[in-house]
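Worksheet: the structure to be examined is printed underneath.
Since every read-out is calculated from the coordinates, none of them should be taken as a lab result. Nothing here was measured: the structure is a model prediction, and the numbers come from that model. We place every Cβ from the backbone using ideal geometry, glycine too, and count neighbours over all the protein chains shown.
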Ligand SMILES: [Zn+2]
């Protein structure tokens, strides 16, 4: 098998026999597995190749999906169709007054697909550490950045007090989506509340990006103020027959109906 990259001497050809020792895999690639997932995957790979007996001859690729050993897209398509992947139930709301880019961001955050330190490490991008650089207390994944980071928790506490709703601790983005999509009995108020929740997560993400890329540390109160003004503008310009007054909204968003 000829594999690109890796001998460190400028050569890009490597034979499997060089890396496959008697009972293990000789790992000498550019980067070393760091995260729990990567270490687990390399252990799994080592177990798989541990008992493999190499034969004489050149290494070669063989696709097991087709009888002739060559890769065909239709064979892969057939395999995917056979998996019958179940659709994931989600409580995400697509509301007109929330900008599409924000709802798309929330959708990706719910799938843990936003570019946090943990997500970048999973994609093989080398970082010094997966720990959140804002607080230094936990790994930086989507739920930490948007919900569990002490800074995020202060913002959520402030937003819930503004809404006059008892504060709720969310462990995951899905919990936030579920809570907001089922909150209250009035449809209009619920729509405003969903907008506020998505707006809060969006502005927290922007604040974290400012910290990571510009080393600009914005206070939780400032983020909370931005939530007030940003979501007010979304609703004022996008909701039909909207007669929201800024002064009412500023005191409590549900004074506006
Ligand atoms: Zn943090």
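Within the listed set 124, 136, 69, the Gaussian network model of the chain (springs between alpha-carbon atoms below 10 Å) gives the highest mean-square fluctuation for 69. Across 242, 149, 197, mean-square fluctuation computed from a Gaussian network of the chain (C-alpha pairs under 10 Å connected) peaks at 242.
Estimated at 0.36 nm per residue, the fully extended path between residue 38 and residue 101 surpasses their Cα-Cα distance by 19.6 nm.
First obtain the Kirkwood hydrodynamic radius of the chain from its Cα pairs, then insert it into the Stokes-Einstein equation at 37 °C and 0.692 mPa s, and state the resulting D in µm² per second as a whole number. Mind showing how you got there, number by number?
Details: Rh = 22.2 Å.
Here the translational diffusion coefficient equals 148 µm²/s.
What is segment 16-83 by shape, rounded, prolate or oblate, if you read a ≥ b ≥ c off the alpha carbon gyration tensor as root eigenvalues and call it rounded for a/c under 1.5, prolate for a/b larger than b/c, and oblate otherwise? Oblate. Extending 7 Å from the Cα toward the beta-carbon at both residue 21 and residue 209 defines two label points whose distance is 4.5 nm. With both labels modelled 7 Å from their Cα along Cα-to-Cβ, the residue 161 to residue 233 distance reads 2.5 nm. Roughly what angle does helix 187-214 make with the longest principal axis of the chain, taking Cα atoms, 0 to 90 degrees, to the nearest 10? Roughly 60 degrees between the two axes. Distance between the pseudo-spin-label points of residue 181 and residue 65 (7 Å out from Cα toward the beta carbon): 3.1 nm.
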